[in-house]
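The values are calculated or read from the model by the stated rules, or taken from the named source; none is laboratory data. Every value quoted in this text rests on a predicted model; they were computed, and no experiment measured them. Backbone-built Cβ (ideal geometry, glycine too); neighbour counts: all protein chains shown.
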Amino acid sequence: MKGTTERARDALRSRDFRRLFAIRLVSQSADGLFQAALVASVVFNPDQQSTTAGFAIATLVVSLPFSIIGPFTGVFIDRWSRRRILVISPWLRAALVGFALFNPMKAPILFYGGVLVVLSVNRFYLATAVAVVPRLVPTEDLLMANSMSIVGGTVALLAGVFVGGWVSDLFGKEPVIVLAGAMWLAASLIASRISSSLVPHQLPEAPMRDEIQRVAREFADGVKRLAHTPRALGPITSITLDQMGQGIVLVMSLFVFRNLEEGVGSFSNLIGAGGIGVLVGILTVGKLEERLAKERIVSRAFLAGGVALVAVSLHITGWTVLLASFAVGLTFAWKKVPVDTMVQEAIPDGYRGRVFAVYDVAYNLSRIVAAFIAIPLLPSIGKAWTVALIGTAFLLWSPMLPRWIGRTPEIVIRFYEGARAEEWPRAVLWGGVEETVEVERSWREERNGQRLTCFRLAMEDGTLVDVSKPEGATSWRLDREIS
């Protein structure tokens with residue numbers, strides 16, 4: 001079994017993946033700077049009287065673009081050059097970043113309108129960056145690649161928030177916003193060096209204007225794929241619940257620090273503690289994956305996070321709030337990496353854009369819902385009971401995901417009927433879609449002491465997949481997706 005360092009080295013053998021990884025680090029650091037400036041303007045604005053209401057507004061502004069634009073992104077991602085999206089989106093954001101310099105209390109339309117546009121453009125970027133990972137690395141390196149790019153990008157985001165908060169306290173939000181714009185331009189330059197065009201395997205024949213009119217049906221199709229794919233629906237439900245819990249805990253934390261009359265720097269400390277937790281999670285999730293199935297990693301993460309939050313609820317102070325932030329950051333990494341990987345593996349390439357659009361809507365709406373739930377919840381039951389409630393919910397959910405997907409195979413193989421023909425695949429059922437396949441090759445091998453029957457299958461969109469089944473077993477597994 002390869003160690004974490006060796007597996008990371010394997011993922012980084014792809015030159016284009018190294019560039020994607022660099023893009024995530026640079027761009028999401030800039031995102032963190034921008035969000036710190038937004039929090040300084042809205043949450044810690046002296047004119048803002050309610051911390052919970054202020055944070056709810058900030059969350060709405062940050063998350064609403066992801067929710068509104070989200071259904072549209074899959075349609076374009078499944079049709080456009082994904083490389084081009086990665087190049088152009090940061091330029092558009094940098095061109096519009098100046099709107100965040102306005103005072104939200106004096107010029108709310110300019111401030112919130114500009115911020116909404118900047119964050120809306122970013123929707124294409126983030127959804128694209130997730131969708132292209134399986135095209136750049138083999139399936140066996142997918143978990144490690146996600147660990148490095150997705151959660152690594154999250155660490156960069158948290159680092160940007162941490163630095164941006166303290167710089168905003170010392171020098172104001174203006175230099176933070178300018179630096180964010182410059183870093184987005186740097187990310188675009190890196191993206192322009194990706195050698196692959198990342199054009200989808202199968203392009204639709206209808207004109208773009210007709211496809212735009214069908215956005216609602218495309219989104220509904222993504223929902224349908226999820227409804228028929230328990231191995232994707234279960235993980236998405238789990239991470240959505242996690243985000244609701246984290247959102248409520250974050251509002252509670254800001255409530256504590258504002259009552260202590262601390263500035264944006266306290267928010268940076270909070271994000272810093274969470275960032276350290278995420279970093280520890282990145283360093284350990286690979287080790288967990290060597291010992292546990294992905295769904296069981298998520299289960300253990302909910303258990304650990306629930307225990308930590310219940311413990312912190314017994315004594316709420318500035319320091320224990322930082323401890324809670326560390327715990328939710330750590331367990332977030334243990335959840336997010338396996339969840340994204342399970343969704344990617346459960347859905348064929350031709351549908352990933354649409355399904356991830358649905359995923360993004362659920363993921364981001366959960367933060368909005370959490371922020372507005374916190375407005376009546378905190379005054380009603382108090383800080384301690386709020387944290388205890390979230391911790392208990394995490395504990396109750398911890399066994400659910402393994403039960404949800406435990407009896408569902410990764411991929412179903414349909415065989416020809418009659419004589420020995422049942423030994424030759426004719427179609428696959430993958431992600432709620434049945435597609436005809438041709439057998440490229442077949443072989444037998446021994447892996448980890450098991451004798452396996454293996455096929456390489458060519459799908460209609462040009463995707464090649466390797467599948468295997470242990471002797472005596474009834475379920476097939478997806479070993480590798482080849483673009």
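Brief remarks on what is shown
- Residue among A333, A371 that alone is crowded, with 23+ Cβ neighbours inside 10 Å, small (G, A, S), touching a Phe, Trp or Tyr at 6+ places or on another chain (Cβ under 7 Å) and within 30 Å of L309 (Cα to Cα): A371
- Residue among I411, I390, I405 that alone is in contact with a Gly (Cβ under 7 Å, 6 or more places away or on another chain) and within 21 Å of D479 (Cα to Cα): I405
- Filtering the range 453-471 for residues that are modelled with pLDDT of 80 or more, over 21 Å from A131 (Cα atoms), touching a Leu at 6+ places or on another chain (Cβ under 8 Å) and part of a loop (DSSP other than H, G, I, E, B) leaves a non-empty set.
- Exactly one residue out of F66, F21 is crowded, with 19+ Cβ neighbours inside 10 Å and at pLDDT 85 or above, and it is F21.
- Looking only at residues in the range 326-371 that are of a type in the set (D, E) and over 10 Å from the mean Cα position of the chain (by Cα), the one that is farthest from G275 (Cα to Cα) is D349.
- Yes/no for W385 being farther than 27 Å from E345 by Cβ and surrounded by fewer than 17 Cβ atoms within 10 Å (Cβ to Cβ): yes
- Of the residues T408, T463, T436, the single one that is under 33 Å from the mean Cα position of the chain (by Cα), among the hydroxyl-bearing types (S, T, Y) and crowded, with 16+ Cβ neighbours inside 10 Å is T463.
- Some residue of the range 424-432 being out of contact with any strand residue (DSSP E or B) (no Cβ under 8 Å at 6 or more places or on another chain), outside any helix (DSSP H, G or I) and either assigned by TED's automatic domain parsing to the domain that holds K224 or in contact (Cβ under 8 Å) with a residue 40 or more places away in the chain (or both): yes
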